[in-house]
Amino acid sequence: MNTHDPMPPRYHPLKSNYSDHPVLTIDTQASHGDLLDAAHQRLRAASDLLETLYCLCFKQADVKDIPNIVNALYLLTQDGCELLEVAKLQLTTSL
């Protein structure tokens with residue numbers, strides 16, 4: 001007997017949502033390429049931001065900017081990782 005995991009719900013809420021009623025979701029039925037493109041876009045933006053920060057001199061930086069930068073990096077990497085997880089799940093459920 002062949003048992004498969006049940007299909008995930010169509011819309012997967014992002015963990016980065018701040019609300020109990022998420023408004024940002026991933027369409028689990030989106031094409032594999034679209035999911036990978038969206039993940040790449042977010043992870044590339046986070047990587048580019050980290051590279052910029054690495055090259056900057058922090059003597060001019062304001063301490064209040066650090067939480068803003070960390071929040072942006074969190075949102076980009078968390079969303080990118082979740083997109084990759086949905087893409088990975090698509091591959092495993094299609095086998």
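The values are calculated or read from the model by the stated rules, or taken from the named source; none is laboratory data. What you see is a predicted model; the values in this text were computed from it and never measured. Cβ atoms come from the backbone with ideal geometry, glycine included; neighbour counts cover every protein chain shown.
Restricting attention to segment 40-59, which residues are assigned to a helix (DSSP H, G or I), farther than 30 Å from THR28 by Cα and aliphatic (A, V, I, L, M)? Reasoning before the result, please.
Taking segment 40-59 first, the residues assigned to a helix (DSSP H, G or I) are 40-55, 58-59.
Of the ones still in play, those that are also farther than 30 Å from THR28 by Cα are 51-55, 58-59.
Correct list: LEU53 only.
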Hits in segment 39-95 - residues which are more than 18 Å from the chain's Cα centre (by Cα) and small (Gly, Ala, Ser): ALA61, SER94
Any hit, segment 17-39, residues being in a helix (DSSP H, G or I), modelled with pLDDT of 85 or more, touching a Gly at 6+ places or on another chain (Cβ under 6 Å) and surrounded by 15 or more Cβ atoms within 10 Å (Cβ to Cβ): yes
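From the list ASP79, ASP62, pick out the single residue that is acidic (Asp, Glu), farther than 16 Å from PRO9 by Cα and not in a helix (DSSP H, G or I). If you could, list the steps in order and put the result at the bottom.
On the way: ASP79 fails: not in a helix (DSSP H, G or I).
Testing whether each residue is acidic (Asp, Glu), farther than 16 Å from PRO9 by Cα and not in a helix (DSSP H, G or I) leaves just ASP62.
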